[in-house]
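Data first, discussion second: the structure below is written as structure tokens.
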Amino acid sequence: MRNPKVFFDGDCPVCSREIDFYQRRSGAEQIEWVDVNSCEDVSLPPGLDRSTLLTRFHVIDQKGEVHEGAAAFIALWREIPSFKAPANLLGSRLVLPVLEKLYVFFLVVRSKLKRNREFKK
């Protein structure tokens, strides 16, 4: 078993706030948090490049399995004690596809937020 790794877009204002929220939870100290924008290449998992990791949220769990999108959130929640119950409920085969559709919708909104932020710089 190894510590889980969370790969996130630190340049995304929404993502950064959410990651900050998770990092303040009990159990988060056991997780390796990797800002894909500022990490060194050696921190990237084999087979996944920076561009791919910035496109969708990724988590590598304790077993070394890679999860992305809504499934990555479920994997993260399973590592944080106060989120285990929601992870078990929302990670079911019936609910996870709905969460994935919501996540894909969020990605559209996120891209607009990032464009607006970059334009204002």
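Where a number appears in this text, it was derived from the coordinates with a stated rule and is not lab data. Bear in mind that the values here come from a model prediction, so they are computed numbers and not experimental data. Cβ sites come from the backbone with ideal geometry, for glycine too, and all protein chains shown count toward neighbours.
Can you tell me which of 98-106, 69-77 comes out highest on packing, and rank the rest after it, using the mean Cβ neighbours within 10 Å? Walk me through the numbers before you get to the answer.
Working: 98-106: 13.4, 69-77: 22.1.
Top to bottom by mean Cβ count within 10 Å: 69-77, 98-106.
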Using Cβ-Cβ distances only, list the Cys residues of the chain with no partner cysteine under 4.7 Å, sorted by number.
39
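Net charge near residue 81: determine it from the other residues with C-beta under 15 Å of the C-beta of residue 81, scoring Lys and Arg +1 and Asp and Glu -1.
Working: positive: 24, 25, 78, 84; negative: 29, 79.
So the surrounding residues net to +2.
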Pairs of Lys in the chain closer than 28 Å at Cα, counting only those 8 or more apart or on different chains
12
Of all DSSP beta bridges having both residues in the chain, the percent classed as antiparallel (nearest 5) is 60 percent
